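Everything below concerns the one structure shown next.
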Amino acid sequence: MLNVKDAVIEILLVVGLSFALTAFFGRLLIPVLRALHAGQSIKEIGPKWHMSKQGTPTMGGLMFITAMGLVTLVLGWSHISSGNRGGLYVYLFALVFGAIGFIDDYMKVVHHENTGLTAGKKFLLQLSAAILMTVLLRSEGYLSPNLYIPFVQTTIPLSWTVYMAFAAFVMVGCVNAVNITDGVDGLSSSVTVPVALFFTVVAALWGRGELVTVSCALLGGLLGFLLYNHYPAQVFMGDTGSLFLGGMVCGLAFALDMPLVLIPVGIVYIAETMSDILQVSYFKLTRKLTGTGKRLFKMAPLHHHFEMCGWKEKKVVGVFATVSALFCIIAYFGVRQRYGL
């Protein structure tokens, strides 16, 4: 376990520097994105009032991705040079997903339409990254095939083949769930702040300083990004940022060898994704049975349903972020006995 005083100093330093660098890069990046006409195309099937966001610069995730990379390398160098490279691996894993998102965003901006990489190409790229990350974490001793179950404090032994398949499914699912959550100004960023704080606390309790650094860099980067992404947003993170965030969240969970903790800490991501799945499935089923498709929600994913119910964007963000924070607290009590607390 880290010395409490040293841990607090490291946390404040990393969060502060990541925040400052993200804020600085934002001032440089947003004018460049505007000059390049890198504006977001808004889906016509979304809420009509979102059309006013048409042309808002996207790919803003580049600001916190860059800041986090610098902080992870500079303030985490002592860990990296001593052979504790878990934080670097998590960042690079997320960076691969960010690169996939960047390609997707670039295609959208160039063609000025709300398409990009095909679903098949995205899936294959993401699956490849997930498999490589799982193999790397296992070879470096961060993963065991014993699946830790929070709250009941037990493990389930799995064969490596089964664990690989499970990990790939969870990683790809988690990354895309975070991506789906990015649909309202400041939503994905705000929901992920308590998640980053949760992983910071857990990494500190476990004495994994290299993971403290990268999770704190994530926390500071998100807070810095919110300076520009809160309602009304000056910039969107784009798939560049949202896929990177998804990679960070699931990368930290696996690096801490507790992937199932993603269920409580990622409850908002899961609810958003399930609302999409249920909406489509119910529509297809009722259309097949009655000839007329019906919907469970006024609009999916879930944040749009609440908007259609009359909630303002600020209320959606506030409620969803609060739910995320509450479930992160619950998750903490579900894993704290693992560290003898």
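The values are calculated or read from the model by the stated rules, or taken from the named source; none is laboratory data. No experiment lies behind these values; they were computed from the predicted model shown. Methodologically, a virtual Cβ is constructed for each residue, glycine included, from the backbone with ideal geometry; neighbour enumeration extends over all protein chains shown. Accessible surface areas use protein heavy atoms only, side chains included; no ligands, DNA or RNA. Shrake-Rupley method; radii C 1.70, N 1.55, O 1.52, S 1.80 Å.
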Exercise. Largest first, how would TYR106, TYR89, TYR148 line up by accessible area (1.4 Å probe)?
Worked result: TYR106, TYR89, TYR148
Seminar exercise, completed: Set LYS108/LYS288; LYS5/LYS312; LYS108/LYS315, cut-off 31 Å on Cα-Cα distance; pairs above it are LYS108/LYS288; LYS5/LYS312
Exercise. Along the charge dipole of the chain, which of GLY209, ILE277, PHE24 sits closest to the positive end, that is, farthest toward it, with unit charges on the beta carbon of Lys, Arg, Asp and Glu (+1, +1, -1, -1)?
Worked result: ILE277
Exercise. How much accessible surface does MET63 have with a 1.4 Å probe, in Å² rounded to 10?
Worked result: 0
Exercise. Could you give the length gained on full extension between LYS121 and LYS314, defined as 0.36 nm per residue of separation minus the Cα-Cα distance, in nm?
Worked result: 66.0 nm
Problem set entry | From the C-alpha gyration tensor of region 125-271, square roots of 5λ in Å | 27, 17, 13
Problem set entry | Scaled radius of gyration (Cα, divided by 2.2 N^0.38 Å) that region 113-183 gives | 1.34
Exercise. Which number do you get for Rg(Cα) / (2.2 N^0.38 Å) in the chain?
Worked result: 0.98
Exercise. Sorted by average packing, counted as other Cβ atoms within 10 angstrom per residue and highest first, what order do 304-313, 326-335 take?
Worked result: 326-335, 304-313
For this session: Enter the mean projected area of the convex hull around the alpha-carbon atoms of region 203-341, in nm², rounded to one decimal.
Result: 10.5
Exercise. In percent, what relative contact order does the chain have, based on Cα pairs under 8 Å that are 6 or more apart in sequence?
Worked result: 27
Exercise. Of all the Cα-Cα pairs you can form in region 183-234, what percent are over 14 Å apart?
Worked result: 51
Exercise. Using alpha carbons only, how many degrees (0 to 90, rounded to 10) separate the axis of helix 119-139 from the longest principal axis of the chain?
Worked result: 10
Seminar exercise, completed: For the chain, the longest principal axis of the Cα atoms and the Cα long axis of helix 209-229 enclose an angle in degrees, to the nearest 10, of 30
Seminar exercise, completed: re region 73-161: pairs of Cα atoms spaced beyond 21 Å account for a percent value of 53
Exercise. What part of the accessible area of region 199-302, given as a whole %, is carbon or sulfur when the probe is 1.4 angstrom?
Worked result: 66
For this session: Report, to the nearest whole %, how much of the accessible area of region 91-167 belongs to carbon and sulfur atoms, 1.4 Å probe, protein only.
Result: 71
Exercise. So which cysteines of the chain have no other cysteine's Cβ under 4.7 Å from theirs?
Worked result: CYS216, CYS309, CYS328
For this session: Keeping all protein chains in position, work out how much accessible area ARG295 exposes to a 1.4 Å probe, and write it in Å² to the nearest 10.
Result: 150
Exercise. Can you give the accessible area of MET274 in Å² (nearest 10), computed on protein heavy atoms with a 1.4 Å probe?
Worked result: 80
For this session: Calculate the dipole size of the chain relative to its Cα centre from +1 charges on Lys and Arg beta carbons and -1 charges on Asp and Glu beta carbons; express the result in debye to the nearest 20.
Result: 780
Problem set entry | For region 226-274, accessible area per residue (1.4 Å probe, heavy atoms of protein chains only), Å² | 22
